[in-house]
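Remarks on the structure that follows.
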Amino acid sequence: MSANSIKILIIDDDDAILFLLSELFQERGHEVLMLSNPVGASLQISRFLPDVLILDYFMPGLSGSSLAEVLRTTKSLRGIPIVFYSAASRESLAEAARRANARIVEKGEPLSNLVAAVEQAVTATRQARD
């Protein structure tokens, strides 16, 4: 992994989306971990320590919004940037994104928008640390 490599954790209940996004980011030299179930994700996040999370919003058992709230109240995880990647409209996700300080990319937008959101989130976080 290069210095520009990003550790990305993707949580989505749609396996096709998981594999598509995993391939997309791995082709760019990034390390990817995929989870299809958000329940218990905090433990996996603590172990993997991603640079960024890509979360679906609507998932069974635990919504992306609820998971984001858990992460924001966990001291060791609250600084990880979040990108909501969802079929829900930007307007319907706006409040959850504001509370989680997350970016939003709608499924159906060009994948380049997701790549840009992920890279911008990580760059901003790394710059804030330096």
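The values are calculated or read from the model by the stated rules, or taken from the named source; none is laboratory data. The shown structure was predicted, so the numbers you read here are calculated from the model rather than taken from an experiment. Cβ atoms come from the backbone with ideal geometry, glycine included; neighbour counts cover every protein chain shown.
Observations on the model:
- Residue match in the stretch 84-92 (condition: crowded, with 21+ Cβ neighbours inside 10 Å, within 20 Å of LEU20 (Cα to Cα) and among the hydroxyl-bearing types (Ser, Thr, Tyr)): yes
Rundown of residues vs (1) touching a Ser or Thr at 6+ places or on another chain (Cβ under 9 Å); (2) closer than 19 Å to VAL115 by Cα, yes/no style:
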residue: LYS7; (1), (2): no, yes
residue: VAL32; (1), (2): yes, yes
residue: GLY40; (1), (2): no, no
residue: LEU62; (1), (2): no, no
residue: VAL83; (1), (2): no, yes
residue: ALA87; (1), (2): no, yes
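- Considering the conditions (1) touching a Phe, Trp or Tyr at 6+ places or on another chain (Cβ under 6 Å); (2) among the aliphatic types (A, V, I, L, M); (3) at pLDDT below 95; (4) within 14 Å of ILE11 (Cα to Cα), MET59 is excluded by exactly one of them, (1).
- Within the stretch 11-64, the set of residues being at positive phi and without any contact (Cβ under 8 Å) to a residue 40 or more places away in the chain comprises GLY29, GLY40, GLY61.
- When VAL39 is tested against the conditions (1) of a type in the set (Val, Ile, Thr); (2) surrounded by 15 or more Cβ atoms within 10 Å (Cβ to Cβ); (3) more than 11 Å from the chain's Cα centre (by Cα), the lone failure is (2).
- Selection from the stretch 89-130 of residues that are touching a helix residue (DSSP H, G or I) at 6+ places or on another chain (Cβ under 9 Å) and not charged (D, E, K, R): LEU93, ALA96, ALA97, ALA100, ASN101, ALA102, ILE104, VAL105, LEU111, LEU114, VAL115, VAL118
- Hits in the stretch 6-36 - residues which are assigned to a loop (DSSP other than H, G, I, E, B) and surrounded by fewer than 13 Cβ atoms within 10 Å (Cβ to Cβ): GLU27, GLY29
- Selection status of ASP56, closer than 30 Å to ASP130 by Cα and of a type in the set (D, E, K, R): yes
- Hey, GLY108 on the phi > 0 side of the Ramachandran plot and not charged (D, E, K, R) or not: yes
- Residue in the stretch 48-55 that is surrounded by fewer than 20 Cβ atoms within 10 Å (Cβ to Cβ) and part of a helix (DSSP H, G or I) present: yes
- Residues satisfying the stated conditions in the stretch 84-100, i.e. at pLDDT 90 or above and within 15 Å of PRO110 (Cα to Cα): PHE84, TYR85, SER86, ALA87
- Scanning the stretch 100-107 for residues that are part of a loop (DSSP other than H, G, I, E, B), surrounded by fewer than 17 Cβ atoms within 10 Å (Cβ to Cβ) and without any contact (Cβ under 8 Å) to a residue 40 or more places away in the chain turns up at least one hit.
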